[in-house]
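First up is the structure itself, then whatever we jot down about it.
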Amino acid sequence: MATATITVKGMTCGGCVNSVTKALTGVQGVQEAKVDLNGATATVTFDENKTSVASLKEAVDDAGYETE
Ligand code: 9UX
C-alpha cells in the first residue's frame, strides 16, 4: 500500500468533500481517502499495483475539481 497527499482545488463545501471522496474511493485499488476541505488536500491510501497518483488525480479532475 502507498499513501499520497494530493492538493485539490475548488472544494467549497461538505458536498464537495463527499464528491471527491466518492470519486477517489471509486477508483479500483483505493483503500481509503481522507479529504480535507480547509487544507484542500486528499490523502489517499492505495495499492500501487492497481492504480497510480496520476489516475487518482484524473478521477478528481473528472469529478470537476482541480489537482496539482
Ligand atoms: Mo457544495 Mo461543491 O453546495 O461541488 S457540493 S459547493
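Just so you know, all these numbers are worked out from the coordinates, no wet-lab data involved. Since the model is a prediction, treat every value here as computed from it, not as a measurement. In this analysis, Cβ positions are derived from the backbone assuming ideal geometry, glycine residues included, and neighbour counts consider all displayed protein chains.
Report yes if V60 is within 16 Å of the ligand (Cβ to nearest atom) and either within 14 Å of A4 (Cα to Cα) or of a type in the set (K, R) (or both), otherwise no. Yes; evaluated as a whole, the condition is true for this residue.
Among the residues making up region 35-68, a single one is in contact (Cβ under 8 Å) with a residue 12 or more places away in the chain, surrounded by 15 or more Cβ atoms within 10 Å (Cβ to Cβ) and among the charged types (D, E, K, R): K57.
Filtering region 10-28 down to residues that are of a type in the set (V, I, T) and surrounded by fewer than 17 Cβ atoms within 10 Å (Cβ to Cβ), which residue is nearest to the ligand (Cβ to nearest atom)? Before you say what the answer is, go through the steps one by one.
Quick first cut of region 10-28, residues of a type in the set (V, I, T) only: 12, 17, 20-21, 25, 27.
Now narrow it down to the ones that are surrounded by fewer than 17 Cβ atoms within 10 Å (Cβ to Cβ): 12, 25.
Values: T12: 4, T25: 17 Å.
Only one residue tops the list, namely T12.
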